[in-house]
1. Determine one quarter of the surface area of the Cα convex hull of the range 36-109, which equals its mean projected area, and express it in nm² to one decimal.
2. If packing is taken as the average number of other Cβ atoms within 10 Å across a peptide's residues, how do 60-70, 74-84 rank, most packed first?
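Since every read-out is calculated from the coordinates, none of them should be taken as a lab result. What you see is a predicted model, and the numbers here were worked out from it, not measured in a lab. Glycine gets a Cβ as well: all are built from the backbone with ideal geometry, and neighbour counts include every protein chain shown.
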């Protein structure tokens, strides 16, 4: 009983997809993360004693839990949360949200 219904559903979806493609309307997958180009536009900080004084609450990367060291390159998100560059880049490729506050990062904010 279920098999004919499933086959009909698959056939209908296939026809819809073919018709959409014929009219130039493809089924576009939802974008989850940021592109490398968008990530590269985010503000970069180099950790130093002066950076540490400005960001007293950020002594370690919230992703890898490793303390920041002088000279570390950090990415600063629009929400002002900072992370090791490799840690946050990996995250942002999968999700366009801050892992701390869950604020969505829009591509126009990565300037």
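1. Numbers: hull surface 17.9 nm².
Approximately 4.5 nm², given one-decimal rounding.
2. Working: 60-70: 12.8, 74-84: 19.3.
The packing order, highest mean first, is 74-84, 60-70.
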